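The structure under discussion appears below in the form of structure tokens.
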Amino acid sequence: MIKKIYKRLNSTNIKARQLLDKGEINDSVWIQAEDQYSGKGLGENIWESEQGKNITGSLVIFPASVSAENQFDLSIVTSLAVCDLLELFLGEVKIKWPNDIYVGTKKIAGLLVEHTLMGQEIKHSVLGIGLNINQETFQESIPNPISLKQLLGIEIDLEEVTDLLLNCLSLRLDQLEAGQAELMRGDYLNKLFRYREYAPYKAHNKWFRARIVGISKFGQLILETEKGEHLEFGFKEVEFIDD
Ligand code: BTN
């Protein structure tokens, strides 16, 4: 896989988009920043990463076999690839919907998956991955961060772990290409934080207990209340409350 490594960038997702807009990318490429100084998260979130310590990169792909309506499958692929990588080092990791990666109650990675659509097709996708590797202190405003070094107590070779991540991504993309989307949707559900467990949530300023019973085709969270009612939520429409 072609890699473009930059010393300093605002955001690898933004850089990817700029290169795509200029027509400078027409095959898969991994864009990585040693120092990403203005990382983007989902919605208004920011992504903090200390220079030279972590993986901050975006894989640009041209997913010819995925239709626009199945775009959430690419979020699933990216989440599972990051879990596959982490499980080479750690015990079980979880996906907190939609695509935060958690070890216990701490967030180790965040994903920002963006698509450009053309009718019913996906023209290209940018799979942005922020994975904390060797960082040991984080800004106070960042909720529950953790890095691989903090968990393992050893410094990790960033280049080696990046190559492993790219392998995990290739394998999961091949699996999607091979028509195994349904299987991966099942893997994703089984890795979901709080899947099928009753827990508190908040939506429209109301607190309620419910359990996750599924994810819609479009990636909406499906909750079942204690009365058996099914509710669907998009990102930012529902909040996970600590139990
Ligand atoms: C989130 O937690 O809300 C998602 C964070 C995504 C961060 C990654 S780092 C590489 C890529 N470039 C960005 O600007 N964001 C993603």
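The values are calculated or read from the model by the stated rules, or taken from the named source; none is laboratory data. Computed from a predicted model, the values in this text were never measured in an experiment. Cβ sites come from the backbone with ideal geometry, for glycine too, and all protein chains shown count toward neighbours. Quick note on the areas: whole protein, heavy atoms, side chains included, nothing else; ligands and nucleic acids left out. Shrake-Rupley method; radii C 1.70, N 1.55, O 1.52, S 1.80 Å.
Determine whether region 63-71 contains at least one residue that is buried (at least 16 other Cβ atoms within 10 Å of the Cβ), touching a residue at least 40 places away in the same chain (Cβ under 8 Å) and among the acidic types (D, E).
First, the residues of region 63-71 that are buried (at least 16 other Cβ atoms within 10 Å of the Cβ): 63, 66, 70-71.
Filter again for touching a residue at least 40 places away in the same chain (Cβ under 8 Å), leaving 63, 66, 70-71.
Checking which are among the acidic types (D, E) leaves us with none.
There is no residue in region 63-71 that is buried (at least 16 other Cβ atoms within 10 Å of the Cβ), touching a residue at least 40 places away in the same chain (Cβ under 8 Å) and among the acidic types (D, E).
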So which residues in region 47-62 are open to solvent by less than 10 Å² (accessible area, probe 1.4 Å) and of a type in the set (S, T, Y), if there are any at all? T56, S58
Mind listing whichever residues of region 1-31 are open to solvent by 20 Å² or more (accessible area, probe 1.4 Å) and near the ligand (Cβ under 9 Å from one of its atoms)? N10, I14, K15
Out of (1) over 26 Å from E177 (Cβ atoms); (2) surrounded by 13 or more Cβ atoms within 10 Å (Cβ to Cβ), the one E44 does not meet is (2)
Within region 1-26, can you find the residues that are assigned to a loop (DSSP other than H, G, I, E, B), modelled with pLDDT of 95 or more and in contact with a Phe, Trp or Tyr (Cβ under 7 Å, 6 or more places away or on another chain)? N10
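Quick one: is E44 more than 9 Å from the ligand (Cβ to nearest atom), in a loop (DSSP other than H, G, I, E, B) and closer than 25 Å to I156 by Cα? Can you show your working first?
Working: more than 9 Å from the ligand (Cβ to nearest atom): yes; in a loop (DSSP other than H, G, I, E, B): yes; closer than 25 Å to I156 by Cα: no.
The answer is no for E44.
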How do the pairs read when you match residues in region 212-227 that are more than 15 Å from K96 (Cβ to Cβ) and in contact (Cβ under 8 Å) with a residue 24 or more places away in the chain with residues anywhere that are among the hydroxyl-bearing types (S, T, Y) and part of a loop (DSSP other than H, G, I, E, B), using Cβ under 9 Å and keeping only pairs 6 or more apart or on different chains? E226/Y198
Can you tell which of V82, V126, V60, V113 is closer than 19 Å to D174 by Cα, of a type in the set (A, V, I, L, M) and outside any strand (DSSP E or B)? V82
Mind checking whether some residue in region 139-149 is farther than 16 Å from L74 by Cα and either more than 16 Å from the ligand (Cβ to nearest atom) or in the same structural domain as E224 (by TED's automatic domain parsing) (or both)? yes
For strands (runs of 3 or more DSSP E) lying entirely in region 188-243, having 3 or more residues that are within 24 Å of R172 (Cβ to Cβ) picks out 206-215
For residues that are among the charged types (D, E, K, R) and more than 9 Å from the chain's Cα centre (by Cα), scanning just region 96-111, find the one that is farthest from the ligand (Cβ to nearest atom). K106
Residues within region 27-39 that are of a type outside the set (A, V, I, L, M, F, W, C) and assigned to a strand (DSSP E or B), tallied: 5
How many of the residues making up region 32-58 are more than 27 Å from E239 (Cβ to Cβ) and in contact with a Gly (Cβ under 6 Å, 6 or more places away or on another chain)? 3
Where residues in region 99-153 are over 16 Å from N54 (Cβ atoms) and small (G, A, S), which of them is most open to solvent (accessible area, probe 1.4 Å)? S141
